[in-house]
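The values are calculated or read from the model by the stated rules, or taken from the named source; none is laboratory data. This structure is a prediction, so every number in the text was calculated from the model and none was measured. Glycine gets a Cβ as well: all are built from the backbone with ideal geometry, and neighbour counts include every protein chain shown.
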């Protein structure tokens, strides 16, 4: 299996060859401290999972197209197993979670299908706003994301004034970016380590099912100024990824978009 540490011509060809609007993307690299999760009693919470990372993203394409391809991929998987999809999927899940039941996997399939249908409806209604924080904000508080003179399609910067009384309000200068994560390198591990969640069988089943679909590579980023060190695009992004030896697997990217299982 070929693994590269930068945006090679082979990988560029793989991405540009994806049918639909996905070939209209741009390579963006971000060095950012993750928000992490807070756990513990009120007033004495500890932050976990807040690694400082360098992530390489293929951004600026149609999320609607990505979801539609994921729906088609799921139907192809169902057809390939010739009426035995649920039974065989249960077997796959039980390899990692023996306690999983038929009820768990049926619920996982239904919830995944429902989530994709809701995503397509939301895309039509909200015109691409994915983060619930930004959907109801007026257009005047946004500006397009521009890096080195290049506009990143479907990425925006919050230029309004955040509501300081609302902890969920965007911080001025926050960049909203979404795309396919091509690779990631942890530059500084989280000081308090990781918080591992004990997942229920249904959640494990959903995670496995989604991992087979193109949407498994999709990520959303709300890049607040104080947590973000650098954002680069195009050749500069590729050079930065090579400097930090970010590992990218072109075969994994290609297989994620291959409809036939």
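Structure notes:
- Cβ-Cβ contacts under 9 Å between residues 6 or more apart (or on different chains), taken from a first residue in segment 164-180 that is at positive phi and modelled with pLDDT of 80 or more to a second residue that is assigned to a loop (DSSP other than H, G, I, E, B) and surrounded by fewer than 21 Cβ atoms within 10 Å (Cβ to Cβ), are listed as 173/159; 173/224.
- Filtered by the rule that a residue be part of a strand (DSSP E or B) and in contact with a helix residue (DSSP H, G or I) (Cβ under 7 Å, 6 or more places away or on another chain), segment 184-221 gives a lone residue, 218.
- Cβ-Cβ under 6 Å pairs, at least 6 apart or on other chains, segment 53-69 side within 30 Å of residue 188 (Cα to Cα), far side part of a loop (DSSP other than H, G, I, E, B) and at pLDDT 85 or above: 54/244; 56/246
- The set of residues in segment 198-241 being under 23 Å from residue 109 (Cβ atoms), without any contact (Cβ under 8 Å) to a residue 60 or more places away in the chain and touching a strand residue (DSSP E or B) at 6+ places or on another chain (Cβ under 9 Å) consists of 217 alone.
- Members of segment 62-103 found to be part of a loop (DSSP other than H, G, I, E, B) and farther than 16 Å from residue 210 by Cβ, listed by number: 62, 81, 82, 83, 84, 98, 99, 101
- Residue in segment 225-233 that is within 29 Å of residue 98 (Cα to Cα), within 19 Å of the chain's Cα centre (by Cα) and surrounded by fewer than 19 Cβ atoms within 10 Å (Cβ to Cβ) present: no
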